[in-house]
Amino acid sequence: MSSMEGILLWNTLSSTADIENSRVGEDGENLKDSPAYAKVKFENGATIPKTQSVALKDIVFNKAKASALQLPAEGSLSYTIKPNGWSLTNTTTSDGAIHRLSFFGTVAPYSGIQVNAGGLNYNVFDGTNNRTETITDQTLGDGVENLISIAWSSASNLVRFYLNAVQIGSADGTLSITPGNQWLCIGNRYWSDSNAKGFGGEIENVKLYNTYETDFSNDLNHRGFGGGKKRR
């Protein structure tokens, strides 16, 4: 996608100022006591520790839930990650911990992506139907950058999962999302989650679309608007 068509949110997470001033859409809030940043693919990524030793460890958009950031009935979410101090090999995390990458919504409908002892888990839940799959044959290396993406469509009952712009899974089936104001949390399940399940590494270049994307290859190559043609 070479234009701004369909983009609801774009935040690079490169600094505190960048988190608080999204390029497009709702501004974010870093719920850490001491924000830190480290080099990722394009610039800096926000460091999301995996423990809860000081305060909360995630970034939240639309915390007041008083504006227009919603889980769309048709949409896509994409961002770059770099684990720090852990890795995933197929179904095994090196530290045995849960690493939550993102969670959109505190109540249904919601969409979540996490790494756990079973593998790389993606899901979209509309309150009745949980479209989910745990991918058991992928590797996330310690210090290695990866592009994580998910796309869904209520109209066509499609849910697709991507790693580095390659489709690695799907959970197609009945899906009926009624959009509502939600929090988009990066690096944890939701902003008040006190469990030690933060991501543990750097995350950058978060993009949310209200279109069902199938080609995320542009996001592998540059930090600008990316995505692909809307197709099924």
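Figure legend. Inter-residue proximity from region 139-156: first residues under 20 Å from Lys207 (Cα atoms), second residues among the charged types (D, E, K, R), beta-carbon distance below 6 Å, spacing 6+ or different chains. Indicated pairs: Glu145/Lys41; Glu145/Lys82; Leu147/Asp219; Ala151/Arg160; Ala151/Glu213; Ser153/Glu74. Pairing residues of region 165-187 that are within 18 Å of Asp215 (Cα to Cα) with residues that are among the charged types (D, E, K, R) and at pLDDT below 95, at Cβ distances under 9 Å and at least 6 apart in sequence or on separate chains, gives Ala165/Asp215; Ala165/Asp219. Within region 75-99, the residues that satisfy the criterion of being crowded, with 21+ Cβ neighbours inside 10 Å and under 23 Å from Arg223 (Cα atoms) are Gly75, Ser76, Leu77, Ser78, Tyr79, Thr80, Ile81, Lys82, Pro83.
The values are calculated or read from the model by the stated rules, or taken from the named source; none is laboratory data. What you are looking at is a predicted structure, and each value in this text was computed from that prediction instead of being measured. Cβ atoms come from the backbone with ideal geometry, glycine included; neighbour counts cover every protein chain shown.
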